[in-house]
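Read through the structure below, which is laid out as structure tokens, and then see the notes.
The values are calculated or read from the model by the stated rules, or taken from the named source; none is laboratory data. Since this is a predicted model, take the numbers as computed values, not measurements. Cβ placement follows ideal geometry from the backbone for every residue including glycine, while neighbour counts extend to all protein chains displayed. Side chains are part of the model used for accessible areas, which takes the heavy atoms of the whole protein and leaves out ligands, DNA and RNA. Shrake-Rupley method; radii C 1.70, N 1.55, O 1.52, S 1.80 Å.
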Amino acid sequence: MNNKLKLVPALLLSLSLVLSACGGAQDSASNTAGQSATTDTKSAEAPAAVKDGIFKATDMSKNPEAAKNRKDTFIVGLTEPEGVFNPYFYHNGYDGNASDAMFASLIDYDKNGKQVPGLAESWDVSPDNLTYTFHLRKGLKYSDGSPVTADDVAFTLTILHDKSYDGEFDITPAHIKGGQEYKEGKASSIEGIKVIDPLTIQITTTEVNARTLGLISGPVLSKAYYGKNYKQGDLSYIRTLHSKPMGAGPYKLDKFIPGQEVRYVANPYYYKGKPAIEHFIYKVSTPDTNLQMFQAGETDYDGFTANAENFEQLQSLGFANVNVYTASNYAYLDINHKKPYLQDKRVRQALAYGLNRQQIVDTNYQGYATVANIPASTVSWAYTDDVNKYEYNPEKAKQLLDEAGWKVGADGIREKDGKKLTITWLGTKSSMTDILVPIATENYKEIGIQFQPEIMDFNALLTKREQGDYDLASLSTSILLDPSDGVEGFTTKMADNGYSDPKVDELYQKSISTLDINERKKIYTELFKYLNDDLPVIFFFNRKVMSATNGRIHGLEPNSYTGISGDLAKLTIEN
Amino acid sequence: MWQYIIRRLLQAIPTLLGVSIIIFFVFALTPGDYVDTNIQLTPEKAHELKVLYGLDKPIIERYFIWLGNVMKGDFGFSLQFQKPVTSLLNDYIWNSFLIAIVSLILTWTIAILIGVYSALKKYSWFDVLVTLGVFAAMSFPSFFLGLLLIKFFAVDLKWLPVGGMTYGGSNSTGMAYVLEVLKHMILPVSVLTMLSVGSLTRYFRANMLDVIRQDFVRTARAKGLKERVVIFKHALRNASLPAITLLGFELPGLFAGAIITEKIFAWPGVGHIHMQALDNRDYTVLMGFTMFLAILTVLGNLLADIFYSVADPRIRLK
């Protein structure tokens, strides 16, 4: 999988289809205005966390005619496909969703994020964990009928090393032998990529890394189709092919109508068998009105902001299967470690104890999110619950600040060496911000901290953060396939908030230097506990994703890792 | 006349150059660039991309590279859409034009009719009610109005589609296609019309009131002309003169796209693109599009001046 990992403003957007769809910093606007008010007033009190699952349609007779009349077409709402249909070149996550339907990967992911065979029937890793061998299935074909071979895999990995490759996929952490030389033009092929026979390819790397397998087993591009005009150092021709994609996925592109629809037809050569539903369409919808579109039967599937109001409204439609699942990412309050006073662990812990995260999360999500205390989602295989919960405790926070030498001044604000304890927080415009600001102001005032919120557009926030002009910033990671994705940002090399801790670096390195999942789990438990205590950031919450499917569509079980793309080929329509 | 037009066009060049400098720097100086929007890139990868996209160069140099390309007729390449800016805009701009021109015609027709009538029946019930109505429509935020119409006409009554330009998967052609698009246009066009008709109605009403008090109208009536001729031939013509300038300003608006309305109705217009480009700091698209609108503004002004002289022989262009 090559979902690009992007930071998104915490809680922007009603997460579209999959978390990878995080197109940018659109404002999430008021997405329920104008609908009949079904506001649940109880929800202001602490609601119980909602369980994941699929809530089946109750009354299919309510299904609108528009949907019933569609016998061989499955329509999914998507916010903003832009037409860059290539899994290695898109910038906007929605184009990633659109590409997923057309390309097949060597290795797929199941609903728990485990790697399962895709185009590759099996794979072996050498005892030294440096060499990977993929065995392709027999008789694989692209949607134009041409065969899928090991040469195509070699070609795909090669162009990712080209110096003119301007997509955002980063292959370098895989450390394929000879990759750097190829990029610099010192070699005309990559030494570590070896095609053994048309169905077998061997990749040799120079460093053990648990993420390598994921990086080198992504979607396969046809060499005959994408590589016709390829010369080392010049990939510019490939742009003309973004609008004419060709892959081995379940569907092939029929037509892209900019701003309106991406239309597909079933790929007869798909290796798991031609999909039963002949036509598949991504129709442009907007978070403002996608519920109405779904309600009117114009779409069969869409994602919605996960909260009690939307859930009730969707369930009351009768014909909707409502899917609720926990996202694989987490939201956090970034801490600026370049500020001397935030380098003191006690101050960071006080900031965590002194903020009623539970109240904020419950008010905004009404049970559709849980407070996080480690950099992982509750659905991850590396998740552990055995850590400090930092439950709201102003007394403890005060005590920690006292210990750190911050004394309450005449105006109630703590001071140390003549400096007042003022915390500047950066956030984007969202319902979460509206709730966080008053609560945080109140909470922090109680423990003697002056809270200064600044609300701005996401790019401005990133720039301010880069300039170091902040104390806290609301951020969220995007889809996390491997647990390492969630902690990489705390390593000295990657941390742009100034955090650096040799123990974290060491544990991180250890966690990706073995491929044994049980061994890794142990290391992550240790790492998570350490991070939970040291607080490089204040962990905030894990949220849920909500989507709904028209009840006449069978076989769809969307999940945190593959969204709907994993199920596309096996769907059926009940007429 | 031709001399005047050519001189005005030549004068537009420094204006546009100045505009391009301002908007380039405004966009370039907004915090963050295209690569920064993805901060999980490793610093090396981010730097690599900046070099590939030319974002590592000093801002002044970037401006001149852009300007040089524009001189050659090349408006650049959208990073985000991986497409030349001109072909990208071409994909979306006509959809925006479609709803804008229809709503423009509707707005002006309605505004003239209502404006004239309420001027003639000043302070009548009709005048009061219309004034109330147009002010009410005008003061609604467009997203609220849009959502309200969707609820009534699309969700409750099921008469009209919620959004988009055609039905999902539709393959209609010819007349059927035209009807389908018309059906999808009704709601967005209504919103746009309702939002703009108010001020224009008031404008026509005020002008009309001014004109019918003047001597030449009295003279016309004294000559025994029919009231209809007096109003529409003598009064309305004179009342419309200042509106020509206003019409000239509408030209860029026809292509600018209505960001909020288009978003609510999922209309595939250029407003989307503009917003997306801003969010992603896709400078070439922002620059290309804004420059296009600047050119249209200059052109609209010129056209207004020319038409003004045609409509009112008292004005001579020199």
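Can you tell me how many residues within the stretch A:484-517 are open to solvent by 30 Å² or more (accessible area, probe 1.4 Å), in a helix (DSSP H, G or I) and either aliphatic (A, V, I, L, M) or within 14 Å of chain B (Cβ to nearest Cβ) (or both)?
3
Determine if the stretch B:58-73 includes at least one residue that is in contact (Cβ under 8 Å) with a residue 12 or more places away in the chain and not in a helix (DSSP H, G or I).
no
Among the listed residues A:LEU213, A:LEU241, identify the single one that is out of contact with any Cys (no Cβ under 7 Å at 6 or more places or on another chain), modelled with pLDDT of 90 or more and within 30 Å of A:THR514 (Cβ to Cβ).
Details: A:LEU241 fails: within 30 Å of A:THR514 (Cβ to Cβ).
Result of the check over A:LEU213, A:LEU241: A:LEU213.
Does at least one position in the stretch B:16-26 carry a residue that is within 14 Å of chain A (Cβ to nearest Cβ) and open to solvent by 70 Å² or more (accessible area, probe 1.4 Å)? Step through it out loud before you land on a result.
Initial filter on the stretch B:16-26 (within 14 Å of chain A (Cβ to nearest Cβ)): B:26.
Subsequent filtering for residues that are open to solvent by 70 Å² or more (accessible area, probe 1.4 Å) retains B:26.
Yes, the stretch B:16-26 has at least one match.
Go through (1) more than 30 Å from B:LEU55 (Cα to Cα); (2) in contact (Cβ under 8 Å) with a residue 24 or more places away in the chain; (3) part of a helix (DSSP H, G or I); (4) not charged (D, E, K, R) and name the single condition B:ALA266 misses.
(3)
Residues of the stretch A:279-327 being within 16 Å of A:ASP52 (Cβ to Cβ) and out of contact with any strand residue (DSSP E or B) (no Cβ under 9 Å at 6 or more places or on another chain), which ones?
A:ALA308
Output the number of residues of the stretch A:81-125 satisfying the condition of being among the charged types (D, E, K, R) and within 14 Å of another protein chain (Cβ to nearest Cβ). It would help to see each step written out before you state the result.
We begin by selecting, within the stretch A:81-125, every residue among the charged types (D, E, K, R); these are A:82, A:95, A:100, A:108, A:110-111, A:114, A:121, A:124.
Imposing the further condition that a residue be within 14 Å of another protein chain (Cβ to nearest Cβ) reduces the set to A:82, A:95.
Of the residues in the stretch A:81-125, 2 are among the charged types (D, E, K, R) and within 14 Å of another protein chain (Cβ to nearest Cβ).
Here's the yes/no breakdown for (1) farther than 14 Å from B:LEU120 by Cα; (2) exposed (fewer than 14 other Cβ atoms within 10 Å of the Cβ):
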| residue | (1), (2) |
| --- | --- |
| B:SER199 | yes, no |
| B:ASN207 | no, no |
| B:ILE212 | no, no |
| B:ASP215 | yes, yes |
| B:LYS233 | yes, yes |
| B:ASN238 | yes, no |
| B:GLY248 | yes, no |
| B:LEU251 | yes, no |
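Here are some conditions: (1) under 30 Å from B:ASP282 (Cβ atoms); (2) assigned to a strand (DSSP E or B). A:VAL116 meets all but one. Which one does it not meet?
A:VAL116 satisfies every listed condition except (1).
Filter the stretch A:344-367 down to the residues that are open to solvent by 10 Å² or more (accessible area, probe 1.4 Å) and assigned to a loop (DSSP other than H, G, I, E, B) and list them by number.
A:ASP344, A:ASN356, A:GLN366
Determine, yes or no, whether B:LEU89 is part of a helix (DSSP H, G or I) and within 14 Å of chain A (Cβ to nearest Cβ).
Spelling it out, B:LEU89 is indeed part of a helix (DSSP H, G or I) and within 14 Å of chain A (Cβ to nearest Cβ).
Please determine whether any residue of the stretch A:462-482 is closer than 28 Å to A:THR206 by Cβ, in contact with a helix residue (DSSP H, G or I) (Cβ under 6 Å, 6 or more places away or on another chain), part of a helix (DSSP H, G or I) and of a type in the set (A, V, I, L, M, F, W, C).
So far as the stretch A:462-482 goes, no, none of its residues is closer than 28 Å to A:THR206 by Cβ, in contact with a helix residue (DSSP H, G or I) (Cβ under 6 Å, 6 or more places away or on another chain), part of a helix (DSSP H, G or I) and of a type in the set (A, V, I, L, M, F, W, C).
Residue-wise test of (1) part of a loop (DSSP other than H, G, I, E, B); (2) closer than 22 Å to A:GLY83 by Cβ; (3) acidic (Asp, Glu).
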{"site": "A:PHE169", "(1), (2), (3)": "yes, yes, no"}
{"site": "A:PRO173", "(1), (2), (3)": "no, no, no"}
{"site": "A:TYR182", "(1), (2), (3)": "no, no, no"}
{"site": "A:ALA187", "(1), (2), (3)": "yes, no, no"}
{"site": "A:ILE201", "(1), (2), (3)": "no, no, no"}
{"site": "A:ALA224", "(1), (2), (3)": "no, no, no"}
{"site": "A:ASN229", "(1), (2), (3)": "yes, yes, no"}
{"site": "A:TYR237", "(1), (2), (3)": "no, yes, no"}
{"site": "A:LYS244", "(1), (2), (3)": "yes, yes, no"}
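Does the stretch A:319-329 contain any residue that is away from chain B (no Cβ under 14 Å), at positive phi, touching an Asp or Glu at 6+ places or on another chain (Cβ under 7 Å) and open to solvent by less than 10 Å² (accessible area, probe 1.4 Å)?
No, because not a single residue in the stretch A:319-329 is away from chain B (no Cβ under 14 Å), at positive phi, touching an Asp or Glu at 6+ places or on another chain (Cβ under 7 Å) and open to solvent by less than 10 Å² (accessible area, probe 1.4 Å).
Determine whether A:VAL76 is in contact with a strand residue (DSSP E or B) (Cβ under 6 Å, 6 or more places away or on another chain), without any contact (Cβ under 8 Å) to a residue 60 or more places away in the chain and part of a strand (DSSP E or B).
When the stated conditions are applied, A:VAL76 does not pass them.
Test A:TYR226 against the stated conditions and say whether it is of a type outside the set (A, V, I, L, M, F, W, C) and either surrounded by 19 or more Cβ atoms within 10 Å (Cβ to Cβ) or within 14 Å of chain B (Cβ to nearest Cβ) (or both).
yes
Can you tell me how many residues within the stretch A:462-478 are modelled with pLDDT under 90 and within 11 Å of chain B (Cβ to nearest Cβ)?
Number satisfying all stated conditions: 9.
Could we say that A:TYR165 is open to solvent by less than 20 Å² (accessible area, probe 1.4 Å) and within 14 Å of chain B (Cβ to nearest Cβ) here?
yes
Just to be sure before I move on: is A:ALA187 surrounded by fewer than 20 Cβ atoms within 10 Å (Cβ to Cβ), more than 12 Å from every other protein chain (Cβ to nearest Cβ) and touching an Asp or Glu at 6+ places or on another chain (Cβ under 7 Å) in the structure I sent? Write out each step before concluding.
Values: surrounded by fewer than 20 Cβ atoms within 10 Å (Cβ to Cβ): yes; more than 12 Å from every other protein chain (Cβ to nearest Cβ): yes; touching an Asp or Glu at 6+ places or on another chain (Cβ under 7 Å): yes.
Yes: the conditions hold for A:ALA187.
Within the stretch A:48-69, restricting attention to residues that are over 18 Å from A:ARG543 (Cα atoms) and in a loop (DSSP other than H, G, I, E, B), which residue is most open to solvent (accessible area, probe 1.4 Å)?
Selected residue: A:LYS56.
Every residue in the stretch B:270-297 that is assigned to a helix (DSSP H, G or I), closer than 23 Å to B:LEU49 by Cβ, within 12 Å of chain A (Cβ to nearest Cβ) and in contact (Cβ under 8 Å) with a residue 40 or more places away in the chain, please.
Scanning the stretch B:270-297 gives B:ILE273, B:GLN276, B:ALA277, B:ASP279, B:ASN280, B:VAL285.
Specify which of the listed residues (B:ALA137, B:ALA154, B:ALA176) is within 14 Å of chain A (Cβ to nearest Cβ) and either under 22 Å from A:MET293 (Cβ atoms) or in a helix (DSSP H, G or I) (or both).
Testing whether each residue is within 14 Å of chain A (Cβ to nearest Cβ) and either under 22 Å from A:MET293 (Cβ atoms) or in a helix (DSSP H, G or I) (or both) leaves just B:ALA154.
Give A:ALA276, A:ALA308, A:ALA266 a once-over and let me know the one that is more than 7 Å from every other protein chain (Cβ to nearest Cβ), surrounded by fewer than 24 Cβ atoms within 10 Å (Cβ to Cβ) and in contact with a helix residue (DSSP H, G or I) (Cβ under 6 Å, 6 or more places away or on another chain).
A:ALA308
Within the stretch B:248-263, which residues are away from every other protein chain (no Cβ under 12 Å), in a helix (DSSP H, G or I) and either small (Gly, Ala, Ser) or touching a residue at least 60 places away in the same chain (Cβ under 8 Å) (or both)?
Taking the stretch B:248-263 and keeping what is away from every other protein chain (no Cβ under 12 Å), we get B:248-256, B:258.
Of the ones still in play, those that are also in a helix (DSSP H, G or I) are B:248-256.
Matches in the stretch B:248-263: B:GLY248, B:GLU250, B:GLY253, B:LEU254, B:PHE255, B:ALA256.
Please work out which residue is most open to solvent (accessible area, probe 1.4 Å), limiting yourself to the stretch A:436-461 and to residues that are facing chain B (nearest Cβ under 9 Å) and of a type outside the set (A, V, I, L, M). Reasoning before the result, please.
The first filter runs over the stretch A:436-461 and keeps only residues facing chain B (nearest Cβ under 9 Å), leaving A:456-461.
Next, from what is left, pick out any that are of a type outside the set (A, V, I, L, M): A:457-459.
Working: A:ASP457: 64, A:PHE458: 13, A:ASN459: 2 Å².
Filtering first and then ranking leaves A:ASP457.
Going through the stretch A:279-299 one residue at a time, which ones are more than 23 Å from A:ASP95 (Cβ to Cβ) and either open to solvent by 10 Å² or more (accessible area, probe 1.4 Å) or of a type outside the set (Gly, Ala, Ser) (or both)?
A:LEU291, A:GLN292, A:GLN295, A:ALA296
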